[in-house]
Amino acid sequence: MRTSVPSAGSPGLAYGSSLRAVAQALDPDLASVVAAVPAWSGLEPKVASLGGGITNRNFRVDIAGQSFVVRLFGKDSELLGIDRAAEHQAATSAAKAGVAPEVVEYLPELRALVTRFVDADPLPPQDLERREVLEQVVRSVKAIHAMGHIRSMFDSFGVVRDYRTVAEEHGVRVPDEYGSGPAQFKLNVKSHLPTSSVPTKQWRPKLPEAPEYVPVPPVTTPTLSFVS
């Protein structure tokens with residue numbers, strides 16, 4: 001992650017400010033979160049904006065020699081079908097599995113999630129060609145697949161249907177061409193799904209022959225259900 005250090009006089013950012021200055025200069029939602037975390041009570045934070053958010057506003061908070069990330073959930077983002085409780089559960093499970101930063105606080109009443117800040121750089125694609133890097137990726141993927149179930153599910157067809165309903169409820173005119181599109185797409189997908197229970201040939205990337213790597217055996221074609 002990269003932080004952007006605000007310049008002097010930047011509105012809404014107070015790098016090295018006191019808690020009172022944060023409350024005065026920053027977004028009131030962020031100031032409320034800083035004040036609500038028990039471990040930060042009475043301490044002076046340093047705050048900087050983090051880019052890259054889509055439905056969230058993200059901030060790095062340095063306090064008492066430690067670094068954190070405060071994620072402020074976007075206004076009306078629930079209209080996009082985002083389940084923040086499920087997101088919290090997924091983040092907590094991933095942290096326990098060792099593939100995500102520790103969740104410090106979940107504050108649904110303030111629409112915020114606080115995690116540890118990971119001081120690292122993005123992984124360049126070419127690094128995946130290095131054996132030692134790919135071995136770490138394999139271990140991480142295996143840890144993710146070993147995680148427990150998350151109560152949420154993603155139904156791509158249902159999301160499209162729900163988006164249309166929300167759009168219409170907010171006065172958006174849906175193009176006539178949209179009408180039969182999702183249903184026809186669903187039929188096209190189902191028509192291309194194999195129905196045989198005979199194991200199918202699987203494509204697998206060439207993974208390093210690390211001692212801990214166990215090849216995945218062939219599996220029968222899974223049964224997929226589609227919500228109409």
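The values are calculated or read from the model by the stated rules, or taken from the named source; none is laboratory data. Quick caveat: nothing in here was measured; it's all calculated off a predicted structure. When we count neighbours, we look across all protein chains shown, and the Cβ atoms used for this are built from the backbone with ideal geometry, even at glycine.
At a glance:
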item	result
All positions within segment 45-100 that are basic (K, R), over 30 Å from R139 (Cβ atoms) and not in a loop (DSSP other than H, G, I, E, B)	K46, R57
Exclusive hit being small (G, A, S), farther than 25 Å from E78 by Cα and modelled with pLDDT of 85 or more, set A112, A146, A167	A146
Subset of segment 146-162 that is assigned to a helix (DSSP H, G or I) and in contact (Cβ under 8 Å) with a residue 12 or more places away in the chain - its residue that is farthest from A100 (Cα to Cα)	R161
Some residue of segment 35-51 being of a type in the set (S, T, Y) and over 18 Å from E102 (Cβ atoms)	yes
Pair list, Cβ < 6 Å and 6+ apart or interchain, from segment 133-145 residues that are touching a residue at least 40 places away in the same chain (Cβ under 8 Å) and surrounded by 15 or more Cβ atoms within 10 Å (Cβ to Cβ) to residues that are part of a helix (DSSP H, G or I) and of a type outside the set (G, A, S)	L134/L128
